[in-house]
1. Does VAL10 satisfy being within 14 Å of the chain's Cα centre (by Cα), among the hydrophobic types (A, V, I, L, M, F, W, C) and within 29 Å of GLU243 (Cα to Cα)?
2. In this structure, does VAL128 turn out to be more than 20 Å from the chain's Cα centre (by Cα) and not in a helix (DSSP H, G or I)?
3. Taking the stretch 65-105 on its own, how many of its residues are surrounded by fewer than 17 Cβ atoms within 10 Å (Cβ to Cβ), more than 18 Å from the chain's Cα centre (by Cα) and in a helix (DSSP H, G or I)?
4. Can you list the helices (runs of 4 or more DSSP H) lying wholly within the stretch 1-59 that have 3 or more residues being of a type outside the set (A, V, I, L, M, F, W, C)?
5. Considering only residues that are in a helix (DSSP H, G or I) and closer than 18 Å to MET1 by Cβ, which ones fall in the stretch 167-177?
6. If I filter the stretch 291-300 for residues that are within 16 Å of the ligand (Cβ to nearest atom), within 19 Å of the chain's Cα centre (by Cα) and either closer than 23 Å to PRO48 by Cβ or among the β-branched types (Val, Ile, Thr) (or both), do I get at least one hit?
7. Would you confirm whether any residue within the stretch 66-76 is out of contact with any helix residue (DSSP H, G or I) (no Cβ under 6 Å at 6 or more places or on another chain), within 15 Å of VAL23 (Cα to Cα), away from the ligand (no atom under 12 Å from the Cβ) and free of Cβ contacts under 8 Å to residues at least 24 places away in the same chain?
8. Is it true that some residue in the stretch 193-210 is surrounded by fewer than 17 Cβ atoms within 10 Å (Cβ to Cβ), in a helix (DSSP H, G or I) and out of contact with any Cys (no Cβ under 8 Å at 6 or more places or on another chain)?
Amino acid sequence: MQKVGITTTVPVEIIYAAGMVPVDLNNIFITAENPQALVEEAEMAGYPRNLCAWIKGIYATVQKRDDINTLIAVTQGDCSNTHALMETLELSGVKVIPFAYPYDRDYDLLKLQIEKLMDAFGVNWRQVNEAKERLDAVRQKVWKLDELTWQQDRITGWDNHLYQVSCSDFNGDPEGFAGEVDAYLAQVPEKPKLNAELRLGYIGVPPIVDDLYDYLEERGARVVYNETQRQFTMPFATDDIVEQYRLYSYPYGIFYRLKDIEEQTKLRQLDGIIHYAQSFCYRQIEDLIIRQKLKVPVLTLEGDKPNKLDARTKMRVDSFIEMLR
Ligand code: SF4
């Protein structure tokens, strides 16, 4: 089946309706054997040193794969670095299909964008709605996993992150992925209790380091809310796909995202929030709004390269946990 690369969540229902397979390039990059080597390869090709590592990693990932010749470029609702990424990939012969999330979440504009994407893939509304039903059945299982994370004490922050983040493309095999989630859910009652006294939220783009959740749990704090990853699961009760991608908060402004964050902070009784910001990302600027608006303590962490937490970040996490206690 033909693969279609994506760099952020897009209406994947359309890709599946066309009988193709979406591939979230972020996941391929970060789970590569040596993601840092990919970042360096992009720098060798001419990407600047002071640029978000996700962009460089995705560039080198696509260069290495000869099975990804088509990409969907989100021209609004992502970042300008993604624009330049798409241009450099277009230069290497990759076909780029644009998609834009309207800044003001306008229903009609979003519907038009979805219809243009449907035209590009040659599918109709019936096929897309069938694909939505198919994917919603899988999403519901992941909603359950998320619910058990904050209502019980057995699912780690990493597992919550991993299963939810995988909903951007369903690992290219929705039914296979659903089977994995079922198997995981069946094991939950047997899992040991985490016994972490502090409940944290994680907001911002998914982390480029892979040991944050474990580190927190070793210190008696666990993440029971992963903002962006949860959004990837489209946790909205609607049959209307346009409304679904209108409710999805990640591509829209910070004030809309904050509504979701505030709601979940209350519901999940969070003691504090970690705001993760990627080095050289424009979203770092939004940190000042987040700090002013949220009523719970916020720790802002910055990650640069795909690696482990550095000593300075660990010390900051330790002090934050101590302060919350
Ligand atoms: S982390 Fe920021 S700079 Fe990097 S791709 Fe995402 S939005 Fe763009």
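1. Answer is yes for this residue.
2. So VAL128 fails the test.
3. Selection size over the stretch 65-105: 5.
4. 35-45
5. SER168, PHE170, ASN171, GLY172, PRO174, GLU175, GLY176, PHE177 - these are the residues of the stretch 167-177 that are in a helix (DSSP H, G or I) and closer than 18 Å to MET1 by Cβ.
6. yes
7. Looking through the stretch 66-76, at least one residue is out of contact with any helix residue (DSSP H, G or I) (no Cβ under 6 Å at 6 or more places or on another chain), within 15 Å of VAL23 (Cα to Cα), away from the ligand (no atom under 12 Å from the Cβ) and free of Cβ contacts under 8 Å to residues at least 24 places away in the same chain.
8. no
Bear in mind that the values in this text are calculations on the coordinates, not laboratory data. This is a predicted model, so every value here is computed, not measured. Cβ atoms come from the backbone with ideal geometry, glycine included; neighbour counts cover every protein chain shown.
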